[in-house]
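The values are calculated or read from the model by the stated rules, or taken from the named source; none is laboratory data. As the structure is a computational prediction, the values presented were derived from the model and not from experiment. As a convention, Cβ positions derive from the backbone with ideal geometry for all residues, glycine included, and neighbour counts pool all protein chains shown. Please note that ligands, DNA and RNA were not included when accessible areas were found on the heavy atoms of the full protein model with its side chains. Shrake-Rupley method; radii C 1.70, N 1.55, O 1.52, S 1.80 Å.
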Amino acid sequence: MRTLDAVITDSPVFEGLTQEQLELIGGCASNVGFEAGERLFREGDRADAFFLVRHGLVSLEAYVPNRGPITVETIGPGEIVGWSWLVPPYMWHFTGRAVDDVRAVQFDGACLRRKCDDDPVLGYELLTRFALVLVDRLQATRLQLMDVYGDNVG
Amino acid sequence: MAPLPYVVARKRRETRDVWTLELEPVDEAIEQIRPGQFTMLYRFGVGEAPISSSGDPELGFRLVHTMREAGQVTRGLCAAKPGDLVGVRGPFGNAWPVDTARGKDVVFVAGGIGLPPLRGAVYDVLAHRNGFGRVVLLYGGRSPGELVFRSDVERWRSRLDVDVEVTVDTAGHDWRGNVGVVTKLIPRAPFDPANAVAFVVGPEIMMRFAAAALIERGLPQESLWISMERTMRCGVGLCGHCQLGPTLICRDGPVYRWDEMRPWLEVAAL
Ligand SMILES: Cc1cc2nc3c(=O)[nH]c(=O)nc-3n(C[C@H](O)[C@H](O)[C@H](O)COP(=O)(O)OP(=O)(O)OC[C@H]3O[C@@H](n4cnc5c(N)ncnc54)[C@H](O)[C@@H]3O)c2cc1C
């Protein structure tokens, strides 16, 4: 099995960071596992973490009255789950659940925020990277909202 | 060109408003249709519509067409029962250039009712599996209930030599697959962009975003093909209804190389 450091270094999100920055980030990381159906976090709870999925699929769910939980997105290997740790009020907007058995790296958001406060260059790097994650999500959400398969033919 | 009479031999419901018809010639058959090509299907007393072949090319003279109830003609066709007669003109248009993918990885990207026009090409590639590198199918639909050809997709998914990923825009708790747009599957799909060919069909906006994601992965524009299924009328290059820039889709298409079609896709209200 690859070490935690190797997983972090190989992740596209952290590509291009210096060894020192990677070590700082690695200091806030740990390996975690979830069984199929297990919750990673719950909508409304305090968001003090994010996850880099290594294996399996994580669903983001919202509870819709009269319909029950609906999945708005799934996140797979190599992708990041969670940006709520980055901006106040540090609260999860969705519930995260393991669709199948999931292995991930969990990052402690409070720990990372402290390191970013101490080291604004690292803070800037991380913000830029999470902005990219957010832009990707936003584009995908826009496409989903357009409901392109709805009335279009072909 | 007068339509030839075909009889509805079999009919299968794919989703709430999508049906597949298998047609057999009453007497004379049209020329062998190739994946990517379409026919003009005529519902007597209602009108005709261009519909792509969704059949396995090995089926010979039997035609397979899959269509969504969009308006009068397609509703009429979807209401046809086994034994009913429909008219067929064609085959029209060009085919998927499957041979350009020989020796390379093949990536199929289908959105919604875009899978049927690709289905014949998937069959073709799998019938000559050894002639290709990795074979990847990425298929996105609106919801689990609106995925077409589910049994094919499940069969392909169970093969060890095909990578299939399916995603839907929204799903309830009972769906255990991907949720999100089909373009999200592209960054982690297992193919070598420098040595691959991609065939993409779906709503135009989905094709644009899929093309952007494939090119971002490193796929050269010349290795990317799409099928344009905008409205057309005569099917034989006479009426000009399906003109897009310098090209008539019914005559020169519907399959185009991405770099030839891209400038016209981004022009509003064409
Ligand atoms: C080359 C080609 C291949 C096609 N293959 C298929 C196929 O395999 N399966 C299938 O279901 N459909 C396919 N279509 C689309 C199909 O031809 C149209 O849905 C059909 O002509 C609509 O006719 P209608 O009388 O039923 O509806 P209309 O009353 O003409 O239209 C009903 C609604 O559908 C919209 N519409 C009509 N045609 C299109 C289109 N091409 N694209 C987007 N919106 C449209 C109209 O704007 C209107 O809102 C293809 C089109 C082309 C050009």
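Taking 0.36 nm per residue of sequence separation and removing the Cα-Cα distance, the A:Arg103/A:Thr9 pair yields an extension gain of 32.2 nm. Backbone phi angles across segment A:31-46, fed through the Karplus curve with coefficients 6.51, -1.76 and 1.60 (θ = phi - 60°), yield HN-Hα couplings of 7, 9, x, 9, 7, 3, x, 6, 8, 8, 6, 10, 3, x, 6, 5 Hz in residue order; Gly and Pro are listed as x. Take the Kirkwood radius over Cα pairs of segment B:98-227, plug it into Stokes-Einstein at 25 °C and 0.890 mPa s, and you get 169 µm²/s for translational diffusion. Within the accessible surface of the protein assembly as shown, defined with a 1.4 Å probe on protein heavy atoms only, the carbon and sulfur portion equals 51 percent. Among the trypsin sites (Lys or Arg not before Pro) in segment B:168-219, which ones are in a DSSP loop with at most 16 other Cβ atoms within 10 Å of the Cβ? Mind listing them? Here the sparse-neighbourhood loop sites are B:Arg176, B:Arg188. The simple Förster model, with R0 at 22 Å and r as the Cβ-Cβ distance, assigns B:Arg233 and B:Ala2 a FRET efficiency of 0.85.
The order of the peptides B:157-163, B:90-96 by mean Cβ neighbours within 10 Å, most packed first, is B:90-96, B:157-163. Among residues other than B:Pro220 with Cβ under 14 Å from its Cβ, the summed charge is -2 (Lys and Arg +1, Asp and Glu -1). The Cα-based radius of gyration and maximum Cα-Cα distance (Dmax) for chain A are 16.4, 54 Å. Potential lengthening of the chain between B:Leu85 and B:Asn195 amounts to 35.0 nm, from the contour at 0.36 nm per residue minus the alpha-carbon distance. Note on A:Val87 and B:Arg62: their simple-model spin labels are 5.6 nm apart, each label 7 Å out from Cα toward Cβ. With all protein chains kept in place, the per residue accessible area of chain B amounts to 41 square angstrom at a probe of 1.4 angstrom.
Note on B:178-189: average number of Cβ atoms from other chains within 10 Å of each residue's Cβ is 6. Nearest 0.05, what FRET efficiency do A:Ala36 and B:Arg188 give at R0 = 25 Å with Cβ-Cβ as r? For R0 = 25 Å, the calculated efficiency reads 0.80.
Taken over segment B:4-92, the percentage of Cα pairs per 10 Å bin, counting from 0 up to the bin with the maximum distance, is 19, 59, 22, 0. Considering only B:Glu28, B:Glu146, B:Glu165, the mean-square fluctuation computed in a Gaussian network model of chain B, springs between alpha carbons under 10 angstrom, is largest for B:Glu28. Extent of the protein assembly as shown along its three principal axes (Cα atoms, max minus min coordinate, largest first): 79, 47, 43 Å.
Computed from backbone phi with θ = phi - 60° and the Karplus coefficients 6.51, -1.76 and 1.60, the 3J(HN,Hα) list for segment B:141-150 is x, 6, 8, x, x, 10, 7, 9, 6, 4 Hz; x is used for glycine and proline.
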